[in-house]
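Just below is one structure, and these are the notes that go with it.
The values are calculated or read from the model by the stated rules, or taken from the named source; none is laboratory data. Since the model is a prediction, treat every value here as computed from it, not as a measurement. Note: ideal-geometry Cβ built from the backbone for every residue, glycine included; neighbour counts use all protein chains shown. Note: areas computed on protein heavy atoms with side chains; ligands, DNA, RNA excluded. Shrake-Rupley method; radii C 1.70, N 1.55, O 1.52, S 1.80 Å.
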Amino acid sequence: MRPHGSIPIKDYAIETPLKKLSAAMEGESLYEVEIDLNMNIPIAAINFVLKDEESGTWYQHRGRDFRVSLMDYAHADSNVLGEKQGFGIWKGALGQLSDMLLKSEVDHAKGQNRSTGSSEPGEQTRRREGFYEEHTIVKETLVEHSVVVTVKEFPEAAKNILQIDTDLPGDVLIHWGICKDEGRHWELPPEPYPTQTTIFKNKAMRTLLQQKDGGSGSQGSFTLNERTVGFLFVMKLNDGTWLDCKGSDFYVPLPRSTKIKTSSSEYEVEMGKEEVGSLVASGPAPESKEVSLYTDEIINDIRNLVSDISSERNLKTKGKDAQVSILREIEKLAAEAYSIFRSSTPTFSENDLLEADIFKPPTKISSGTGSGYEILCQGFNWESHRSGRWYLELHGMAEVLSSLGFTIVWLPPPTESVSPEGYMPKDLYNLNSRYGNVDELKVIVKRFHEVGIRVLGDVVLNHRCASFKNQNGIWNMFGGRLNWDDRAIVADDPHFQGRGNKSSGDNFHAAPNIDHSQEFVRKDIKEWLCWLREEIGYDGWRLDFARGFWGGYVKDYMEKTEPYFAVGEYWDSLSYTYGEMDHNQDAHRQRIVDWINATSGTAGAFDVTTKGILHSAIERCEYWRLSDAKGKPPGVVGWWPSRAVTFIENHDTGSTQGHWRFPGGKEMQGYAYILTHPGTPSVFYDHIFSGYQSEIGSLISLRKRNKINCRSTVKITRAERDVYAAVVDEKLAMKIGPGYYEPPSGPQNWSVALEGKDYKIWEAS
């Protein structure tokens, strides 16, 4: 009955490789699995999931197992296949799982006259003769790209110049139009148009963006008159994919009013809270002088480069590539100077100069990364609830945290809870907790905002404590505004008699696990999160026990609530062999990366892998652990740094719980690592308000001064028994461990910026 190559998985499943079909069409891969069923054995259905061997990703049907019913009496369910008869081929885009043909072959002769009784009165069952059904499985590979739109106003010319820059590969078509009122109705703009622009179906303009030098993306400039209220657009890629703004057109409001500051001859564009751009406005004589000064600087740069490349010493020391690079730089500068010269003559229109203007892109914000330069503070520990006035106590600490350089603070769970720490929530809309009441919560959030710190709410979405018992004496009936019944509880939680669907993650056995596949549950949770954003002022979320439910549901919640920053707690055990931590922790970090990927990157995750490896390396003086087989950081920060939130301690691992306490007296080695490396570092409250505050503050200052961010690059220069060292962004060199290390000599001159017990950091000058 088991296909060839099948391997039993524990006592409940079988792993079977798919066999590639040789009869597939050219350029197409087909795979199949054939399972022969013994009709003497009563089998009602086959459940299965798919696994991509390349990435280790598991694929389910709407967050649950696929189910092939072999009996006609099987109850209708959202994950049952074969309810319709017909023929189809299962196609997708999964590499090895690219295309799959499921075939059910049943001995019709044997099953023709056989039927069995159903558990339902008057209902009969019979084995199915066969079916084919088509489903699409999509393998998502998250690739970050950006589209930057910048607007600059030129009052003298009564025009606005809108610039679009993107790093999207290949040809990018932009379909665009303008609107002349707040209704956002598409209209065709008057000329001039950018090059390679055509009118599309008399409804919109279609422009092919121009490729940037080096093929790093494309860009386009659009000249719009001052009467234009807004700019509407969508984008189309090479493969026919359309890009829009969450199902709507991209809309860019244009400057509506200006204010002239005669003292500095500068126009300030007023756009509510956001300054769109400015322009130095001056007469012919000052402009001529400014251009002359600028071209003089270019000429001096060219002279210096020529002197550099032609000097006898450099001819001997500089390689051919370096000399070619200098020559190219000279060409660029010469072209720029010539362009300025030509644009200053009356033979060229003003538009030629305006459209060549250089725009500075704004900071990119994503809920998985914030600005990319965030530094997180956990603003509580396991005992913070005991005073009953924690929100009031934090009020005096807000200024201190701001002065240290923190940009985000993570506050404890705000809801009424069976446990005083807040992680057993009951009535989600009751925000009077052991940390303080709802009014005190609003005050502390406002206080943090006043000192420039954003606030994360700690939300427990995986489970919820019931308010009432059912007729069987089981606590599974909820109270308060969200008075759910047992349909909101997953069916495979053995303690609470849930009538929902099977869980899409791991169960938390101390409280009823919520079934996020239920539409009414997701609707209520999204409304609650939006209410917290509006009523309390939270800027984002820390998601408790995130491995308890599918990351796709998190994506739904994040897209609805649009947080500034979000991070999930996906904590499970690392890999050990006979009690010894394995060097290779790829399987562990893969599980975290899979969860982040399921959220489509809308949330980051705490880098538990890095915590565990750093912990072991420092405790056992095995610093070689801090480099993986490819010479990269061995945690999530080595694979997906922008979504890794690094930490060494929190309320669970440390504080009075101490489940996994970082090696005592060596905490600053841990902070020297995470505060100099990519990812978003998180610092624990107990370490801030202790003897480490000064050193932590110095590390944060060093990180911010050198603009180290969540996507910074790391070059590991040493990973040995007693020392680990790395260079970050070519700006910082660092080492931890008792061993000796000095940064390599090269183009940088390194100077010691900070040092402490078994750690040292250098800064490039």
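If a residue has to be hydroxyl-bearing (Ser, Thr, Tyr) and open to solvent by 20 Å² or more (accessible area, probe 1.4 Å) to count, how many in the range 635-654 make the cut?
So in the range 635-654, the residues hydroxyl-bearing (Ser, Thr, Tyr) come out as 642, 646, 653.
If we keep only those that are open to solvent by 20 Å² or more (accessible area, probe 1.4 Å) as well, we get none.
Qualifying residue count, the range 635-654: 0.
Being open to solvent by less than 30 Å² (accessible area, probe 1.4 Å) and either touching a His at 6+ places or on another chain (Cβ under 8 Å) or over 28 Å from Ser419 (Cβ atoms) (or both) narrows it down to one of Met558, Met581, so name that one.
Values: Met558 fails: either touching a His at 6+ places or on another chain (Cβ under 8 Å) or over 28 Å from Ser419 (Cβ atoms) (or both).
The conditions single out Met581.
The set of residues in the range 726-765 being in a loop (DSSP other than H, G, I, E, B) and acidic (Asp, Glu) consists of Asp729, Glu730, Glu742, Asp758.
Out of curiosity, is Lys715 open to solvent by 10 Å² or more (accessible area, probe 1.4 Å), out of contact with any Gly (no Cβ under 6 Å at 6 or more places or on another chain) and not small (Gly, Ala, Ser)? Criteria met by Lys715.
Being open to solvent by less than 20 Å² (accessible area, probe 1.4 Å) and at pLDDT below 90 is a description that applies to Asn160.
Counting residues in the range 412-430 that are in the same structural domain as Ser698 (by the TED database), out of contact with any Cys (no Cβ under 8 Å at 6 or more places or on another chain) and of a type in the set (Lys, Arg) gives zero. Pairs linking a residue in the range 399-423 that is closer than 19 Å to Ser467 by Cβ to a residue that is surrounded by fewer than 18 Cβ atoms within 10 Å (Cβ to Cβ) and polar (S, T, N, Q), with Cβ atoms under 6 Å and 6 or more positions apart or on different chains, are Glu416/Asn430.
Just checking, how many residues over the range 448-464 are surrounded by fewer than 19 Cβ atoms within 10 Å (Cβ to Cβ) and within 30 Å of Gly552 (Cα to Cα)? Explain how you work it out, then say what you get.
Filtering the range 448-464 down to residues surrounded by fewer than 19 Cβ atoms within 10 Å (Cβ to Cβ) leaves 449-452.
Keeping just the survivors that are within 30 Å of Gly552 (Cα to Cα) gives none.
Number satisfying all stated conditions: 0.
Of all the numbered requirements in (1) surrounded by fewer than 20 Cβ atoms within 10 Å (Cβ to Cβ); (2) closer than 24 Å to Gln378 by Cα, Glu742 misses one, and that requirement is (2). Asn472 meets the conditions (1) open to solvent by 10 Å² or more (accessible area, probe 1.4 Å); (2) closer than 20 Å to Trp550 by Cβ; (3) not charged (D, E, K, R) in every case but one. The failed one is (2). Residues that are within 30 Å of Ala644 (Cβ to Cβ) and charged (D, E, K, R) number at least 3 in none of the strands (runs of 3 or more DSSP E) confined to the range 466-574. If you check Ala566 against the conditions, is it in contact (Cβ under 8 Å) with a residue 60 or more places away in the chain, open to solvent by 10 Å² or more (accessible area, probe 1.4 Å) and either closer than 22 Å to Gly654 by Cα or under 24 Å from the mean Cα position of the chain (by Cα) (or both)? It is false that Ala566 is in contact (Cβ under 8 Å) with a residue 60 or more places away in the chain, open to solvent by 10 Å² or more (accessible area, probe 1.4 Å) and either closer than 22 Å to Gly654 by Cα or under 24 Å from the mean Cα position of the chain (by Cα) (or both). Which residue out of Glu383, Glu393 is open to solvent by 30 Å² or more (accessible area, probe 1.4 Å), in contact (Cβ under 8 Å) with a residue 40 or more places away in the chain and assigned by the TED database to the domain that holds Ser701? Glu383 is the lone residue from the list that is open to solvent by 30 Å² or more (accessible area, probe 1.4 Å), in contact (Cβ under 8 Å) with a residue 40 or more places away in the chain and assigned by the TED database to the domain that holds Ser701. Look through the range 607-634, keep the residues that are open to solvent by less than 10 Å² (accessible area, probe 1.4 Å) and over 19 Å from Val723 (Cβ atoms), and return whichever of them is nearest to the chain's Cα centre (by Cα). My answer is Asp607. A single entry from Asp524, Asp485 fulfils the requirement of being outside the structural domain of Asp458 (by the TED database) and surrounded by fewer than 20 Cβ atoms within 10 Å (Cβ to Cβ): Asp485.
Within the range 409-447, being among the basic types (Lys, Arg), surrounded by 19 or more Cβ atoms within 10 Å (Cβ to Cβ) and within 15 Å of Arg533 (Cα to Cα) holds for no residue. If you go through the range 673-704 and keep only what is in contact (Cβ under 8 Å) with a residue 40 or more places away in the chain, open to solvent by 10 Å² or more (accessible area, probe 1.4 Å) and assigned to a helix (DSSP H, G or I), you end up with Tyr685, Asp686, Gln693, Glu695, Gly697, Ser698, Ser701, Lys704.
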